[in-house]
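Notes to accompany the following structure.
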Amino acid sequence: MTKTKFRLAIGVIALAIAISAMNFFIPRKPTLEDKIGQMLMFGFLGSTPEGKWERRVAEQIAEGKVGGVVFLGHNFKTRKGVVGLTKIFGDAKSSPPPFIALDMEGGFVQRLGAKLDYEKIPPAQTIAETMTPFEAKKLFDKLAVMTGEAGFNVNLGPVVDLLITPENPVVGKWKRSYGEAPDTVIAYAQQFVAAHREKSILTVLKHFPGHGSSLADSHDGFVDISESWSAKELIPFKKLIESGYATAIMPGHLILDSKGTEPVSLSKAHITGTLRNALKFRGLVISDDLQMSAIRKNFTYKKALVLAINAGVDVLMISNSAKPDLELPTRTITIIKQAVKDNRVAKSSIDSAYVRILAAKKKLRR
């Protein structure tokens, strides 16, 4: 081989190596399936990192079929088990990282509680009755520290429902509201959000447009608030959006139009019309569980998914508890892909949700 040919050969090899390196470092363009996967937040069975179900969830995260997990009551058996689970989910080779969520409001809704040897934090109503928002910040700091140290990066709180009906079975009964006055609720919610932001933990305001006047529980079925709800209940959401304290919002399974058949959680008029357009909310919309009785008794799983996405929901929370199915994430992606193909769901809705999810995940605790 002549020197010229040798140099040419070396040059070709070097070019091939350079191109290969470029391809290695340039991220693969996300597919429709990737984007749908990021929209899915699933519950799961099990309470230890060694279980078959739990290990499969970690694989699904790595495969991009699940963008987040939500821990429910049955997952909190031991402190060691919880921390082990958040670790295997967080360590799954996933880009972007998964949402790892729990309910950590304090009071009666505190998943990391006394039975796992965590400090018990008073419920919202007690906090508001006994201390100023500034004093409460110290308790919220503790909530955020416990949440982060256990490996979670999403807290499904605070509740910003107004205490309109004290006997309310969802909010009032469990003292989950900071009070009846919007300014009071806003003040404590801001401190709650601030404490978690300092630890890079995402917070979720709930339950839009207000669950505090209801006399029924949406875990059991549709809750009609068309006669009891007032525009006053929107004020905390509006003010927290305007002041920059609303990163994510959860709509409730609430009927606001007595003549309507769709709850706010599946309603384009309320999520896109009111929340996005009227209130100018640009953050994440995270659904309440789409397998709660209110939804499951009135819509098929496929119909609920389509309605939620078309309404403007970004993250679809699915407890996977009605009929637990280890491969439900794969089946869900197939359902949504087919809905896009059939023009029942606009691809642009998936794209918009994906962009908002990526923006939120860039701020997460690692």
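Observations
- Candidate set: segment 121-138, residues that are in a loop (DSSP other than H, G, I, E, B) and either under 22 Å from residue 182 (Cα atoms) or free of Cβ contacts under 8 Å to residues at least 12 places away in the same chain (or both); chosen: the one nearest to the chain's Cα centre (by Cα): 123
- Test: residue in segment 204-216 that is under 15 Å from residue 110 (Cβ atoms), part of a strand (DSSP E or B) and touching a helix residue (DSSP H, G or I) at 6+ places or on another chain (Cβ under 8 Å): no
- The residue that is farthest from the chain's Cα centre (by Cα), counting only those in segment 139-172 that are closer than 14 Å to residue 184 by Cβ and touching a residue at least 60 places away in the same chain (Cβ under 8 Å), is 164.
- Segment 329-366 - residue that is among the polar types (S, T, N, Q) and under 17 Å from residue 276 (Cβ atoms) and, of those, farthest from the chain's Cα centre (by Cα): 348
- Of all residues in segment 128-142, those satisfying the criterion of being surrounded by fewer than 20 Cβ atoms within 10 Å (Cβ to Cβ) and either under 17 Å from residue 239 (Cβ atoms) or of a type outside the set (Phe, Trp, Tyr) (or both) are 129, 130, 131, 132, 133, 135, 137, 138, 139, 141, 142.
- Any chance residue 299 is more than 26 Å from residue 343 (Cβ to Cβ) and either without any contact (Cβ under 8 Å) to a residue 12 or more places away in the chain or hydrophobic (A, V, I, L, M, F, W, C) (or both): no
- Residues satisfying the criterion are present in segment 99-109 (criterion: surrounded by fewer than 22 Cβ atoms within 10 Å (Cβ to Cβ), touching an Asp or Glu at 6+ places or on another chain (Cβ under 6 Å) and of a type in the set (A, V, I, L, M, F, W, C)).
- Condition met for residue 225 (in contact with a strand residue (DSSP E or B) (Cβ under 8 Å, 6 or more places away or on another chain), modelled with pLDDT under 95 and of a type in the set (A, V, I, L, M)): yes
- Residues located in segment 221-253, provided they are within 18 Å of the chain's Cα centre (by Cα) and in a strand (DSSP E or B): 248, 249, 250, 251
- Among the residues of segment 304-354, the ones that are of a type outside the set (Lys, Arg), in contact (Cβ under 8 Å) with a residue 24 or more places away in the chain and part of a loop (DSSP other than H, G, I, E, B) come to 11 in all.
- Flag if residue 265 is under 30 Å from residue 323 (Cβ atoms), buried (at least 22 other Cβ atoms within 10 Å of the Cβ), among the small types (Gly, Ala, Ser) and in contact (Cβ under 8 Å) with a residue 12 or more places away in the chain: yes
- On the stretch given as segment 324-348, residues that are out of contact with any Lys or Arg (no Cβ under 8 Å at 6 or more places or on another chain) and under 22 Å from residue 101 (Cβ atoms) total 6.
- Residue 259 vs. criteria in a loop (DSSP other than H, G, I, E, B) and either closer than 29 Å to residue 197 by Cα or among the hydrophobic types (A, V, I, L, M, F, W, C) (or both): no
- Complete set of residues in segment 148-177 that are surrounded by 23 or more Cβ atoms within 10 Å (Cβ to Cβ) and acidic (Asp, Glu): 161
- Within segment 49-86, the only residue that satisfies the criterion of being of a type in the set (S, T, N, Q) and in a loop (DSSP other than H, G, I, E, B) is 78.
- Here residue 145 meets the list (1) more than 20 Å from residue 197 (Cβ to Cβ); (2) surrounded by fewer than 20 Cβ atoms within 10 Å (Cβ to Cβ); (3) β-branched (Val, Ile, Thr) almost entirely, failing just condition (1).
- Filtered residue count, segment 89-112, keeping only those that are part of a loop (DSSP other than H, G, I, E, B), in contact with a strand residue (DSSP E or B) (Cβ under 8 Å, 6 or more places away or on another chain) and charged (D, E, K, R): 2
- Which numbered condition residue 248 fails, given (1) crowded, with 20+ Cβ neighbours inside 10 Å; (2) in contact with a helix residue (DSSP H, G or I) (Cβ under 6 Å, 6 or more places away or on another chain): (2)
The values are calculated or read from the model by the stated rules, or taken from the named source; none is laboratory data. Just so it is clear, the model here is predicted, and its values are computed rather than measured. Quick reminder, even Gly has a Cβ in these numbers, built from the backbone with ideal geometry, and neighbours come from all protein chains shown.
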